[in-house]
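> I have a structure I would like to understand better, so I am pasting it below and will then ask my questions one at a time.
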Amino acid sequence: MKRSTKNELYAWIKSFFFAVIIIAVCRHFFFSPSIVLGKSMSPTFESGNKIIVSKTSKINHFDMIVFHAPDEDENYIKRVIGLPGDSIIVKNDILSINGKTYTEPYLKKNKQLAPFNKITGDFTLKDLTGKTKVPKGYLFVMGDNRLYSKDSRSFGFIRKDSVIGEAIFRFFPLNEMEFLQ
C-alpha cells in the first residue's frame, strides 16, 4: 500500500473509533433509546413506539419516565403523579395532589371510551406504614391507560434510583415523530 493510502485508512479507523467512544459515553450518561411495550400508556404511546430517554432531566409531576420495574425483569414507562412528600387523592377520576386538583388531558380519550365507568378508581395514597405521603427517595407513577395499567397502585412506590430517565422524543413510528411534553 502507498503511504498516503495507509494514512487515510488510519485516519478513517481513528475517526470511527472516536465516534464509537462518543456514542457510548452519550448513551451511558446522557440519553438512550427505549421501546414501549404493552398498552398501559395508550393512547399517549402504543406498543412498539420507540423513544429517546434523557438521563439528565429533573423529574417533575406528569413527566413520562422509563424505570426498572420493581416486580419484573424489564423496564416500564409511566407518568409521574407523586414526588417525595406529596399527598395524593383520586375521587371520581379527579386527581388531587397536596390539596390542589389537576385536570389530566391525556386521559380524555380513555374516559370517552368508558363514559359510565371511573377509569382510575377512588383511592387515597397510603404507604406500608399508613402515612399518606410519598416517602423520600420514591415516586408514585401511573399509566395513562388506567384501566389496564400495572403501576404504583398495584406494585407501590418506585425508587428514584430505579429511574432510567424521562421520555423526551418519539422517533417511531415516523408519522408520529415528536418532542414530548
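Values quoted throughout were computed directly from the atomic coordinates according to the rules given, and no laboratory measurement underlies them. Keep in mind the model is a prediction, meaning the values are calculated, not measured. Cβ atoms come from the backbone with ideal geometry, glycine included; neighbour counts cover every protein chain shown.
> For Ile81, which sequence-distant residues (separation of 5 or more, or a different chain) have an amide H within less than 5 Å of its own amide H, given hydrogens modelled in the peptide plane?
So Ile81 has HN proximity to Phe62, Phe140, Val141, Met142.
> What spacing in nm lies between the two simple spin-label points modelled at Arg3 and Phe155, each 7 Å away from Cα in the Cβ direction?
Between Arg3 and Phe155, the label points sit 6.2 nm apart.
> Between Asn110, Asn145, Asn75, where does the largest GNM mean-square fluctuation fall for the chain, given springs only between Cα atoms within less than 10 Å?
Asn110
> A further question follows. Calculate, in nm to one decimal, what Lys91 and Asn117 gain on full extension: separation in residues at 0.36 nm each, minus their alpha carbon distance. Kindly include the intermediate steps, with their values, before the conclusion.
Details: separation 26, 0.36 × 26 = 9.36 nm, distance 1.26 nm.
Full extension of this stretch gives 8.1 nm more.
> On to the next question. Calculated FRET efficiency, Asp73 and Lys50, Cβ-Cβ r, R0 30 Å, to nearest 0.05?
Working: r = 21 Å, r/R0 = 0.69.
Once the sixth-power term is evaluated, E becomes 0.90.
> Summing -39500 (n - 2.57) over the DSSP H runs of n ≥ 4 in the chain and dividing by its residue number, what mean residue ellipticity at 222 nm do you reach, to the nearest 500 deg cm²/dmol? Present the calculation step by step, with values, prior to reporting the outcome.
Numbers: 3 runs with 37 residues, N = 181.
Computed ellipticity for the chain at 222 nm equals -6500 deg cm²/dmol.
> Using the Karplus curve 6.51 cos²θ - 1.76 cosθ + 1.60 with θ = phi - 60°, what ³J(HN,Hα) values do you get for each residue of the range 39-53, in whole Hz, with x for Gly and Pro?
10, 5, 10, 5, x, 4, 10, 10, 4, x, 4, 10, 10, 10, 10
> Using a Förster distance of 45 Å, how high is the FRET efficiency between Lys100 and Leu37, based on the Cβ-Cβ distance and rounded to 0.05?
Numbers: r = 33 Å, r/R0 = 0.73.
That pair, Lys100 with Leu37, gives E of 0.85.
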